[in-house]
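All remarks here apply to the structure that follows.
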Amino acid sequence: LIEIFWPLYQHWALYVGDGYVIHTTDDGDHSDSCSTTSICTTVTVKKQRLKDVVGNHKWHVNNKYDHSHTPRPVEEVIQNAEYWIDKEVTYDVLKSTSQLFVTELRYGKALCDQVSGT
């Protein structure tokens, strides 16, 4: 897992080899499918070069849950991640994060310190 330090928050991506990551990216569209107590947007899952996603921001490998959760086999993680490429997903900014997306792929369970209950 790659943690990217963007202004105001950390963005997470899944490294899949050859300089590429799979991650969620905001396409600017908004959705009405969440409750009135949520803020929703549609995000698209993209496969992009790590250097293009990171830009000039700091980043590091962060597999911090490896000590408490067993990662899935690499081939399974990559296959599951590639399934999502170019798909749009409704994203509740109060309950969902890019970290939840990539930890679900790596561990089979969405994990995030920033969202309560995970």
One residue is enough: does region 64-73 have a residue meeting the conditions among the basic types (Lys, Arg), surrounded by 15 or more Cβ atoms within 10 Å (Cβ to Cβ) and modelled with pLDDT under 95? no
Residue by residue through region 24-63, note down the ones that are at pLDDT below 95 and open to solvent by 50 Å² or more (accessible area, probe 1.4 Å). ASP26, ASP27, ASP29, HIS30, ASP32, SER33, SER35, THR36, THR37, ILE39
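The values are calculated or read from the model by the stated rules, or taken from the named source; none is laboratory data. Everything quoted here is computed from the prediction, not taken from an experiment. Quick reminder, even Gly has a Cβ in these numbers, built from the backbone with ideal geometry, and neighbours come from all protein chains shown. Each accessible area value is taken on the protein alone, full model and side chains, heavy atoms only, with ligands, DNA and RNA left out. Shrake-Rupley method; radii C 1.70, N 1.55, O 1.52, S 1.80 Å.
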